[in-house]
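A quick write-up on the structure given underneath.
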Protein chains: 2
Amino acid sequence: MTVLDNISYSEALELCLKNAKPKKTHQNIYINEALNRVLAEDIIAKRNSPVFTNSAMDGFAFKHSSDKKLKVIKTIYAGDKYEDFEIKEGECVRIMTGARVPNGLDTVIPIEKCEEVTDEYIMIPEIKKGANVRIKGEEIAKGDVLIKKGERITPEIIAMLVSQGIVNVPVYTKLKIAVLSTGNELKEPWESADEEEIYNVNSYAIEALLKKFGFSADIIGLIPDSLEKTVEYIKTLKNEYDVIITSGGISFGDADFLFEAFKQNGLKEFFHGIMVKPGRPTMAGIMGETFVFAMPGNPLSSYINTFALAIPTLKKLSGADKYYFQSITAVNKSDFKVNAKKDHTILGYYENGEWEVYNGYKYGSGMLTPLIKSNSLMLLNKGKDLIKKGEILKIIPFDAGFGKNKFTFN
Amino acid sequence: MTVLDNISYSEALELCLKNAKPKKTHQNIYINEALNRVLAEDIIAKRNSPVFTNSAMDGFAFKHSSDKKLKVIKTIYAGDKYEDFEIKEGECVRIMTGARVPNGLDTVIPIEKCEEVTDEYIMIPEIKKGANVRIKGEEIAKGDVLIKKGERITPEIIAMLVSQGIVNVPVYTKLKIAVLSTGNELKEPWESADEEEIYNVNSYAIEALLKKFGFSADIIGLIPDSLEKTVEYIKTLKNEYDVIITSGGISFGDADFLFEAFKQNGLKEFFHGIMVKPGRPTMAGIMGETFVFAMPGNPLSSYINTFALAIPTLKKLSGADKYYFQSITAVNKSDFKVNAKKDHTILGYYENGEWEVYNGYKYGSGMLTPLIKSNSLMLLNKGKDLIKKGEILKIIPFDAGFGKNKFTFN
């Protein structure tokens, strides 16, 4: 009898990532559809920024020299149509913030720094040549790489693209993801169920989690209840989808023919079993062109492993070059014990620089309450049996952002 | 001449929040549309969890007594259809994890803790009554409040709702938000522009930022170039939208008739001007039933104030009871100077528990590069002129999540 692998959680993640080859297919989309998509080519700046040399202050623009008294010959407002004009030694112009600095002038002195200001002339102190002038192209020069291939498009990047008049962007095509689950005894949520029958939570939870991270998935339904039918069913999905995510039926029990059905369809698994609590019965592999994740049947473990293993992998598959979760640093709020022989994925609550494990790490993987009462995950390598109060931990938030507590300013 | 207010940034935020009255209108939606919507009523548990009393381990179930030797009379698997049967003193059943514990039995001993195990009987040590048994309803009891009104629906909450067979949920109706901007000199991004003409960045950036936080908005276009036309235009939007967000034209310059047009439509402003750098010319108020934000024309300030002031307010307007940004704690990486007379909204980069201000806080509010090179915002009250290396700061991430650096486990 085959037994489950005992690889570590970090190895499992690395195996997924190593085998995740970004999509090759591109498309051009309009910018209002572009949020969260991944750039498939470098974007080159079409325009300089600033587009013209302009004043950073309300003040007076002049050619830097040793003159202290300057005659004010005209006023230039932001938005004024530029017309060249002659300006002589000892002359200056009144200029507003953002207004174009006339050709030949190089320095701006703000009004409040002048020693004297009348309608006709100003008296100025020493000032550095070039002060308060924003030079054309100093932020962005035409032809520069503006945004690199592999960047996920954020609202900030949309602002940048629009400022350049770039409205069509080359992105990787979206991943096609199928979500399905095992368990013919499970009821679909719209079905009526006896008090003791159990609903099929996983497909809906996985789909919502993918959606939260900008992916979309088709909920395909339940895997049939025989090996023969399952082999046929998997065959119809293979190569139709970039990714298949299943839940349940991946231990080596009697009715767990899902793995066998994948194998008969050419699956090469990267691992099948992780030495982690919770979520041991987890498998990942490749079947033709299709990346396969088999998550545990248990909703808590299925959720955690989809979050911690599948999401980074999907990021990489979708072409993003930033795919590792970035941790935040927190002080552990109270002692708790763990089994030193296993890795652990532990739920807890982050607030104000501190992190507290959910219920002293005493919760069942059959529960969902730990998930809705937590906002973050702590990934722990094996080897320790006690996590001490005051230890610095690295935390991955999964539902941070907003709270009821008033935000206090620095 | 009217001058801008000088209220603090935190006051501005509190004024917005105090005046943001959550929507009163509800609707029922299907769960696959429910992600990020806000619950308009408490959700009551329809089912117990666990749905029946079951075993937490593979082992033997028995009625707690002083017997040390127990006869094994049958085996119960998870998913077995339950049938009542008689069990006598000194008898036990073999039971699998998740299988229903027969009526009358109360304790489970895991196989590995038995002193002796044969096919017919087991020898057991002392064990606490109730051990390894999950009691029906111990996690969730039918009739409990499962999720409170005002909660935003996360993937975790979707898992919980599905586990209860709840597929229709009462949510607040979506906010109707109009985004418009001033500046007839601006080019729309799809228009061709001379090298020196400037694109209308704000509407697109604001719309993308709202979308990122789960809102949707209509980009309405440009505000007309006369007071009379603007008054009429604003009148058509008033009460049609829950929220109007404009950008630009809200200082007290010659062409800034936007404020006047709002006033003629009945605007009561909460503030008009904040003593903050950048983003001073900012206004918020109420006009009939419509909440109005007027953001600065400057893309950087407009983005920051939409993020830090409008997003929490929109959260509250949409019915959410968690609407304050939650900060993360970080150590400041290098000294930088600020003007002690103003509040500041400062861009920087958070990584591994440390935060570094963007370019020593030397950047212009006409730039967009600081925004795409940063991932977080630091809100600072006035009063300090130096932020020292090593200080503990509270940071609001706006683009945290994923990075190129490998995630290292605890």
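The values are calculated or read from the model by the stated rules, or taken from the named source; none is laboratory data. What you are looking at is a predicted structure, and each value in this text was computed from that prediction instead of being measured. Neighbour counts are summed over all protein chains in view; Cβ atoms, including those assigned to glycine, are modelled from backbone coordinates with ideal geometry.
Some observations on this one:
- Within region B:347-365, the residues that satisfy the criterion of being facing chain A (nearest Cβ under 9 Å) and outside any loop (DSSP other than H, G, I, E, B) are B:Tyr350, B:Glu351, B:Glu354.
- In region A:135-150 there is at least one residue that is within 14 Å of chain B (Cβ to nearest Cβ), among the small types (Gly, Ala, Ser), touching a residue at least 40 places away in the same chain (Cβ under 8 Å) and closer than 30 Å to A:Glu289 by Cα.
- Residue check for B:Leu180: in contact (Cβ under 8 Å) with a residue 12 or more places away in the chain and assigned to a helix (DSSP H, G or I): no
- Just one of the numbered conditions (1) outside the structural domain of A:Ile157 (by TED's automatic domain parsing); (2) part of a loop (DSSP other than H, G, I, E, B); (3) within 47 Å of the chain's Cα centre (by Cα) is not true of A:His64: (3).
- Boolean, B:Lys212 is touching a Ser or Thr at 6+ places or on another chain (Cβ under 8 Å) and closer than 30 Å to B:Phe293 by Cα: yes
- B:Lys322 vs. criteria surrounded by fewer than 21 Cβ atoms within 10 Å (Cβ to Cβ) and more than 18 Å from the chain's Cα centre (by Cα): no
- Within region B:1-27, residues that are surrounded by 16 or more Cβ atoms within 10 Å (Cβ to Cβ) sit with their Cβ atoms under 6 Å from residues that are aromatic (Phe, Trp, Tyr) and part of a strand (DSSP E or B), at 6+ positions apart or across chains, in these pairs: B:Asp5/B:Phe271; B:Ile7/B:Phe271; B:Ala12/B:Phe271; B:Leu15/B:Phe270; B:Leu15/B:Phe271; B:Asn19/B:Phe270; B:Lys23/B:Tyr172.
- Test: residue in region B:303-316 that is of a type in the set (Gly, Ala, Ser), within 22 Å of the chain's Cα centre (by Cα), within 30 Å of B:Thr173 (Cα to Cα) and in the same structural domain as B:Gln264 (by TED's automatic domain parsing): yes
- Any hit, region B:205-228, residues being among the hydroxyl-bearing types (Ser, Thr, Tyr) and within 10 Å of B:Leu180 (Cβ to Cβ): no
- Filter result for A:Lys404 (surrounded by fewer than 16 Cβ atoms within 10 Å (Cβ to Cβ) and closer than 30 Å to B:Leu15 by Cβ): yes
- Scanning region B:34-48 finds one or more residues that are of a type outside the set (Val, Ile, Thr) and under 21 Å from B:Asn132 (Cβ atoms).
- Top-ranked residue in region A:212-271 [being in contact with a Pro (Cβ under 6 Å, 6 or more places away or on another chain) and within 19 Å of A:Ser302 (Cα to Cα); ranked as modelled with the lowest pLDDT]: A:Ser251
- Checking A:Pro370 against (1) in contact with a strand residue (DSSP E or B) (Cβ under 6 Å, 6 or more places away or on another chain); (2) part of a loop (DSSP other than H, G, I, E, B), the condition it does not meet: (2)
- Number of residues in region B:206-241 that are of a type outside the set (Asp, Glu), assigned to a helix (DSSP H, G or I) and in contact with a strand residue (DSSP E or B) (Cβ under 9 Å, 6 or more places away or on another chain): the value is 6.
- Residues satisfying the stated conditions in region B:58-82, i.e. surrounded by 20 or more Cβ atoms within 10 Å (Cβ to Cβ) and either among the aromatic types (Phe, Trp, Tyr) or in contact with a helix residue (DSSP H, G or I) (Cβ under 8 Å, 6 or more places away or on another chain) (or both): B:Gly59, B:Phe60, B:Phe62
- Residue in region B:110-126 that is within 14 Å of another protein chain (Cβ to nearest Cβ) and touching a residue at least 40 places away in the same chain (Cβ under 8 Å) present: no
- Total residues in region A:366-384, condition more than 8 Å from chain B (Cβ to nearest Cβ), surrounded by fewer than 20 Cβ atoms within 10 Å (Cβ to Cβ) and under 20 Å from B:Met57 (Cβ atoms): 0
For every residue, the table says whether it meets (1) of a type outside the set (S, T, N, Q); (2) on the phi > 0 side of the Ramachandran plot; (3) at pLDDT 95 or above.
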residue: A:Lys71; (1), (2), (3): yes, no, yes
residue: A:Ala99; (1), (2), (3): yes, no, no
residue: A:Gly104; (1), (2), (3): yes, yes, no
residue: A:Glu115; (1), (2), (3): yes, no, no
residue: A:Pro125; (1), (2), (3): yes, no, no
residue: A:Asp144; (1), (2), (3): yes, no, yes
residue: A:Lys148; (1), (2), (3): yes, no, yes
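- When region B:1-50 is filtered for residues that are in a helix (DSSP H, G or I), within 14 Å of chain A (Cβ to nearest Cβ) and polar (S, T, N, Q), the ones remaining, listed by number, are B:Ser10, B:Asn32.
Each row is one residue, and each column tells you yes or no for (1) surrounded by fewer than 19 Cβ atoms within 10 Å (Cβ to Cβ); (2) in contact with a helix residue (DSSP H, G or I) (Cβ under 8 Å, 6 or more places away or on another chain); (3) within 12 Å of another protein chain (Cβ to nearest Cβ); (4) modelled with pLDDT of 95 or more.
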| residue | (1), (2), (3), (4) |
| --- | --- |
| A:Cys92 | no, no, no, yes |
| A:Met96 | yes, no, yes, no |
| A:Ile158 | no, yes, yes, yes |
| A:Pro170 | yes, no, no, yes |
| A:Ser181 | no, yes, yes, no |
